[in-house]
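Student: Provided herewith is a single structure, encoded as structure tokens, for subsequent inquiry.
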Amino acid sequence: MKILVLNGPNLNMLGTRKREIYGTETLEEINEWLKKKFPETELEFFQSNHEGAIIDKLQTTDADGAVLNAGAYTHYSIAIRDAIEGRESLPCVEVHLSDISKREDFRKVSFLTEVCKATFAGFGKESYVKGIEFLLERQNG
Ligand code: DQA
């Protein structure tokens, strides 16, 4: 099974960005850690600060599932929601490092939850692990 780990805007700044909320590790470090956690699984990594690039990736990836941290787009992108909804063959799991339900009101709204198969938020980098495990279990179960 091939899984796309897709990160949206500002997640390339992990390690320096609001470390008290998002932790001290860089995105590269998290991705390397994920590779070691799932040596049997093919992982594809993609990060973009651009909505259209995220949509292009969702439309064209040959992965069997996606773990998506859409960053701030989570809270207002109907276009990313439509892209997920439009690719029924690509099950998506929404993940967030922080617990968006316990932060500012504007972060409590997710436009993506309804079109994703599951959501994991507030577990730091473990949120990605939970997302990948969910997809693997879904495939095998
Ligand atoms: C985030 C939460 C979003 O509200 C924020 O805009 C991010 C990161 C998280 O992983 O906790 O960029 O998705």
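Student: To the nearest 20 Debye, how big is the dipole of the chain about its Cα centre, given +1 on the beta carbon of each Lys and Arg and -1 on that of each Asp and Glu?
Tutor: 380 debye
Student: Given H placed on each backbone N at 1.01 Å, which residues far from Gln47 in sequence or on other chains put an amide H within less than 5 Å of it?
Tutor: Asn7
Student: Which far-off residues, 5 or more places away or on another chain, put their amide H under 5 Å from the one on Val67, with H placed in the peptide plane?
Tutor: Correct list: Leu4, Val5, Leu6, Val93.
Student: For a quick protection proxy, order the peptides 96-107, 4-15 by their average other-Cβ count within 10 Å, most packed first.
Tutor: With the highest mean Cβ count within 10 Å placed first, the list reads 4-15, 96-107.
Student: Now for a separate question. Are any of the pairs Lys35/Lys57; Lys35/Lys102; Lys36/Lys102; Lys18/Lys117; Lys36/Lys57 more than 26 Å apart by Cα-Cα distance, and if so, which?
Tutor: Where the Cα-Cα span goes over 26 Å, the pairs concerned are Lys35/Lys102; Lys36/Lys102; Lys18/Lys117.
Student: On the accessible surface of the stretch 1-56, probed at 1.4 Å, how many percent belong to carbon and sulfur atoms?
Tutor: Answer for the stretch 1-56 is 47 percent, counting heavy atoms of protein chains only.
Student: How many Å² of accessible area per residue for the stretch 2-140, probe 1.4 Å?
Tutor: 51 Å²
Student: Can you tell me what percent of all Cα-Cα pairs in the stretch 8-141 are more than 25 Å apart?
Tutor: Result: 19 percent of Cα pairs exceed 25 Å.
Student: For Ser48, what accessible surface area do you get with a 1.4 Å probe? Give it in Å², rounded to 10.
Tutor: About 10 Å², ignoring ligands and nucleic acids.
Student: Could you give me the ³J(HN,Hα) list for the stretch 120-133, computed from phi with Karplus coefficients 6.51, -1.76, 1.60 and θ = phi - 60°, whole Hz, x at Gly and Pro?
Tutor: 10, 9, x, 9, x, 5, 4, 4, 5, 4, 4, x, 5, 4
Student: Remind me, relative contact order of the stretch 2-140 in percent, using alpha carbon pairs under 8 angstrom and six or more residues apart?
Tutor: Reported relative contact order: 25 percent.
The values are calculated or read from the model by the stated rules, or taken from the named source; none is laboratory data. Just so it is clear, the structure is predicted and the values come from calculations on it, not from any experiment. Reconstructed Cβ throughout: ideal geometry from the backbone, glycine too, with neighbour counts over all protein chains shown. These accessible areas exclude ligands, DNA and RNA; they are computed on the full protein's heavy atoms, side chains included. Shrake-Rupley method; radii C 1.70, N 1.55, O 1.52, S 1.80 Å.
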